[in-house]
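Single-structure report; data block below.
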Amino acid sequence: MATTPVPDFFAFIEQNMEPRFLYISNGITELLGYRPDELVGQKFIDYCHPDQAVSMRLFSVYTLVRDIFLSGSTFHIKHKNGTWVNVEAMGCCCYTKRVIRIVPVDQFKPHKKVDEWFEFSLRGDVSVKNWRQSHEILLNELQQRLMRNVDIPINPEPRVCFVLERSKDHPVIMYASPSAEFLLGVQSGELTSNQLTAYLHPDELPTLVDRMKQVQDDATVSMTVLHFFSPTLTWVKLDAVFWATQESLLLVVRSYKPKTHQRPWRFLLDSGTDTTSDAELLEFATEIE
């Protein structure tokens with residue numbers, strides 16, 4: 001059974017430590033009272049609770065320097081009437097920008113099928129289930145660099161974000177980020193207005209169509225692997241994540257990474273189970289030194 005629609009919106013923000021809004025969907029008016037044009041060009045952090053500003057900035061840096069495909073956070077954002085709305089956001093870094101989807105905590109609890117989830121209290125604390133010493137070392141180092149205004153290396157891996165039509169078995173691509181040219185070998189303008197399914201491998205199509213229906217009907221997040229047809233690169237194998245807002249279906253892809261090469265400190269957040277072995281933690285600690 002489909003869930004009752006809840007107010008939400010998605011936005012593109014700059015890919016830096018103090019990002020500005022680049023695009024905001026119309027759903028922000030219902031949730032926060034603003035028109036999209038009122039916030040475009042404004043700093044995202046200026047609409048977050050002042051007591052959470054330090055933690056939010058640290059979170060932004062952390063997601064930039066680590067290879068986090070899909071991250072989540074809980075924080076307070078300012079309504080146009082001056083009140084504070086407790087929201088949950090899922091976000092994905094997409095090369096030169098980041099796409100985020102924001103929904104109120106008290107109305108909907110999205111499935112936390114993400115690499116890492118952050119919660120920011122009004123005291124400005126940062127907490128993640130089952131964080132281990134290795135994570136704390138990295139965060140402390142990033143915080144010290146921020147205090148010293150030292151340059152922080154940014155992960156430049158290209159990823160492509162697609163904005164798709166909702167409620168379609170064969171959704172039309174309404175937007176594809178410019179990094180499509182680097183990752184997929186095709187310019188974003190050539191993808192726009194075409195059906196996504198025209199670029200997906202026929203053998204995978206039934207499963208992927210079902211996944212697109214699932215994220216729209218159940219408001220889940222679905223991570224998968226797919227093959228995308230490129231005129232210059234033939235079939236490109238990609239990691240992919242689908243999720244939906246009340247207005248659009250979102251898809252973000254990156255180059256496929258075998259599990260043996262993925263970040264070993266991933267957690268199963270829903271169950272609260274830490275799957276990181278001591279050997280993997282030592283490997284991670286060596287990497288960040």
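Before we move on, is P258 open to solvent by less than 70 Å² (accessible area, probe 1.4 Å) and not small (G, A, S)? It would help to see each step written out before you state the result.
On the way: open to solvent by less than 70 Å² (accessible area, probe 1.4 Å): yes; not small (G, A, S): yes.
Yes.
Pull up region 1-54, narrow it to residues that are of a type in the set (A, V, I, L, M) and assigned to a helix (DSSP H, G or I), then point me to the one that is nearest to L250 (Cα to Cα).
Filtering region 1-54 down to residues of a type in the set (A, V, I, L, M) leaves 1-2, 6, 11, 13, 17, 22, 24, 28, 31-32, 39-40, 45, 53-54.
Within this subset, residues satisfying the condition of being assigned to a helix (DSSP H, G or I) are 28, 31-32, 39, 45, 53-54.
Details: I28: 16, L31: 19, L32: 21, L39: 21, I45: 23, A53: 27, V54: 29 Å.
My answer is I28.
Would you check if there is a residue in region 106-117 being surrounded by fewer than 18 Cβ atoms within 10 Å (Cβ to Cβ) and either touching a helix residue (DSSP H, G or I) at 6+ places or on another chain (Cβ under 8 Å) or at pLDDT 70 or above (or both)?
No, the conditions are met nowhere in region 106-117.
I need the full set of residues from region 1-27 which are open to solvent by less than 20 Å² (accessible area, probe 1.4 Å) and either touching a helix residue (DSSP H, G or I) at 6+ places or on another chain (Cβ under 6 Å) or more than 23 Å from F162 (Cα to Cα) (or both), in order please.
Hits for region 1-27 are P7, F9, I13, P19, F21, I24.
Any residue that is farther than 14 Å from P171 by Cβ and modelled with pLDDT of 90 or more - is there at least one of those in region 215-223?
No; the residues of region 215-223 include none that is farther than 14 Å from P171 by Cβ and modelled with pLDDT of 90 or more.
Quickly run through region 33-57 and pick out the residues that are under 25 Å from E157 (Cα atoms), in contact with a strand residue (DSSP E or B) (Cβ under 6 Å, 6 or more places away or on another chain) and buried (at least 17 other Cβ atoms within 10 Å of the Cβ).
Within region 33-57, F44, S55, M56 meet the criteria.
Which condition from (1) surrounded by 20 or more Cβ atoms within 10 Å (Cβ to Cβ); (2) modelled with pLDDT of 95 or more is the one that S60 breaks?
The one condition S60 does not meet is (2).
Would you check if M147 is modelled with pLDDT under 90, open to solvent by 60 Å² or more (accessible area, probe 1.4 Å) and of a type in the set (A, V, I, L, M, F, W, C)? Can you show your working first?
On the way: modelled with pLDDT under 90: yes; open to solvent by 60 Å² or more (accessible area, probe 1.4 Å): yes; of a type in the set (A, V, I, L, M, F, W, C): yes.
So M147 fits the description; yes.
State which residue pairs qualify: first residue free of Cβ contacts under 8 Å to residues at least 60 places away in the same chain and farther than 12 Å from A11 by Cβ and inside region 36-54, second residue β-branched (V, I, T) and open to solvent by less than 40 Å² (accessible area, probe 1.4 Å) in any location, beta carbons under 7 Å apart, and separation of 6 or more residues or different chains.
Hits for this filter: C48/I77.
Taking the condition on the phi < 0 side of the Ramachandran plot, part of a helix (DSSP H, G or I) and touching a residue at least 40 places away in the same chain (Cβ under 8 Å), does Y62 pass?
Details: on the phi < 0 side of the Ramachandran plot: yes; part of a helix (DSSP H, G or I): yes; touching a residue at least 40 places away in the same chain (Cβ under 8 Å): yes.
Spelling it out, Y62 is indeed on the phi < 0 side of the Ramachandran plot, part of a helix (DSSP H, G or I) and touching a residue at least 40 places away in the same chain (Cβ under 8 Å).
Scan the helices (runs of 4 or more DSSP H) fully inside region 153-237 and keep the ones with 3 or more residues being open to solvent by less than 70 Å² (accessible area, probe 1.4 Å). Before the answer, list the steps.
Working: elements: 180-183, 188-191, 205-218.
Here the list reads 188-191, 205-218.
The values are calculated or read from the model by the stated rules, or taken from the named source; none is laboratory data. Since this is a predicted model, take the numbers as computed values, not measurements. Every residue, glycine as well, gets a Cβ built from its backbone with ideal geometry; the counts of neighbours run over all protein chains shown. Note: areas computed on protein heavy atoms with side chains; ligands, DNA, RNA excluded. Shrake-Rupley method; radii C 1.70, N 1.55, O 1.52, S 1.80 Å.
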